[in-house]
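The values are calculated or read from the model by the stated rules, or taken from the named source; none is laboratory data. Since the model is a prediction, treat every value here as computed from it, not as a measurement. Cβ atoms come from the backbone with ideal geometry, glycine included; neighbour counts cover every protein chain shown. The area values use the complete protein model at the heavy-atom level, side chains included, leaving out ligands, DNA and RNA. Shrake-Rupley method; radii C 1.70, N 1.55, O 1.52, S 1.80 Å.
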Amino acid sequence: MELGLYTFADVSPEPGPGAIGPHERLHNLIEEIELADQVGLDVFGLGEHHRPDYAVSAPVVALAAAAERTKRIKLTSAVTVLSSDDPVRVFQQFATLDLLSNGRAEIMAGRGSFIESFPLFGYNLEDYDELFAEKLDLLLAIRDQVKVTWQGRLRAPINGRGVYPRPFQEKLPIWIAIGGTPQSAARAGVLGLPLALAIIGGEPARFAPLFDIYREAATRAGNDAATLATSLNVHGFIAETTEAAADDFYEPQAEVMNRIGRERGWGPTSRVHFDHARGPGGALFVGNPEQVAEKIVAQHKIFGNDRFLLQMAIGTMPHAKIMKAIELYGTEVAPIVRKETATAAPTPAPVA
């Protein structure tokens, strides 16, 4: 199983004492990716957002900077908001990243968890679902053939035009990222694309049927479900002690979740809720290395996932603590997980 990290590169929404701005956060981010590579983690992902509380609106630019400071770690978006972007430019940018990184680039395409990019780039939210389906179709066409002839309803057609440069890899890996919609899981299976499932609340085991839907849809479409990779993307934090991990992570994570909750009408979170969520059946992976490793292995037995991505840098957390958590993840958590999951041969991540 591949183990990795993802982040949205959170910054302080308002200036003030102790605030972390985009300049500082982006420089810290490159150091975090470099350390993740050095301690042997497999994947690092950056999410695309267009809000004042996140620094990464152009993930591929930051990933390209990281490519020059790393050697083996895979570099992916988490996610690319494909609905409000142009598939030609998305492919060109990630193909360029792939060339710079000697074949370590991936695209994780999704509809995004926020809607700011739609009015920003002039798209109608009423076309939310159709935009994604149409643009994914075009992105796959570009990946699979150099010269593209394509026509849709919401974008101008392409008639026999080449899209360059081509990536270092024979086929640029494209994952579909979902947040719990069965129809989205089925679509990924029909298309034969690897699937990343984000779980940030509730009981993770309740989401396991989504992978069943995914694999069943793949089989019905004539795809070999055994060759399709799956990922769990979750929140969590690692420290040398359970108490330190919980205390370090709670306040920044709660501040972010409550800020978003006020926008969406959620009720406020609490330390009681947080402590329950970091228990054995909850969605948070917070604790010392042994506890986090044990929970990753337990979830792997339920989901049979091929990849596990942990979002640790939520809110404006101290850079030194994030770096220590990455070190523990790579040097203490990863060896335990890899040993415990080695008995079942992992499914190789497909290029299709």
Theoretical gain in end-to-end length, Gln151 to Arg271 [0.36 nm per residue, Cα-Cα removed]: 38.1 nm
Can you give me the relative contact order of the chain as a percent, contacts being Cα pairs under 8 Å and 6 or more apart? 19 percent
Assuming R0 = 25 Å, can you tell me the calculated FRET efficiency for the pair Leu26 and Phe121, based on Cβ-Cβ distance, to the nearest 0.05? 0.70
Dividing the mean separation of Cα pairs under 8 Å (6+ apart) by the residue count of the stretch 54-213 yields a relative contact order in percent of 22 percent
Could you please state how large a percent of the accessible area of the chain is carbon and sulfur, counting protein chains only and using a 1.4 Å probe? 54 percent
For the stretch 206-289, run through the GluC sites (Glu not before Pro) and keep only the ones in DSSP coil with at most 15 other Cβ atoms within 10 Å of their Cβ. Glu240
Calculate the all-directions average of the projected area of the chain's alpha-carbon convex hull, and give it in nm². 16.8 nm²
List the GluC sites (Glu not before Pro) within the stretch 102-177 that fall in a DSSP loop (any state other than H, G, I, E or B) and whose Cβ has at most 13 other Cβ atoms within 10 Å. Glu170
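Under 1.5 on a/c is rounded, so check that first for the stretch 200-352, then, if it is not, pick prolate when a/b is larger than b/c and oblate when it is not; a ≥ b ≥ c are the square roots of the alpha carbon gyration tensor eigenvalues.
Oblate shape, in that a/c is at least 1.5 and b/c is the bigger or equal ratio.
With +1 on the Cβ of every Lys and Arg and -1 on the Cβ of every Asp and Glu, and nothing else charged, how large is the dipole of the chain about its Cα centre, in debye rounded to the nearest 20?
Its charge dipole is roughly 900 debye.
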Where Lys and Arg each count +1 and Asp and Glu each count -1, what net charge lies around Ile178 among other residues with Cβ under 12 Å from its Cβ? +2
Quick check: pseudo-label points 7 Å beyond the Cα along Cα→Cβ at Asp86 and Phe114, how many nm apart are they? 2.4 nm
Of the options Gly267, Thr230, Gly40, report the single residue whose Cα projects farthest towards the positive end of the charge dipole of the chain (beta-carbon charges: Lys, Arg +1; Asp, Glu -1). Thr230
Mean accessible surface per residue for the chain, computed with a 1.4 Å probe while every protein chain stays in place, in Å²: 43 Å²
Please report the projected area of the stretch 3-82's Cα convex hull averaged over all directions, in nm². 5.2 nm²
Under the Karplus curve 6.51 cos²θ - 1.76 cosθ + 1.60, θ = phi - 60°, whole-Hz ³J(HN,Hα) for the stretch 109-114, x wherever Gly or Pro sits: 9, x, 8, x, 9, 10
Determine, from the Cβ-Cβ distance of Tyr164 and Arg69 and an R0 of 30 Å, the FRET efficiency 1/(1 + (r/R0)^6), rounded to the nearest 0.05. 0.70
So which lysines pass the test for Lys301, namely a Cα distance under 27 Å, with those fewer than 8 places away in the same chain ruled out? Lys74, Lys339
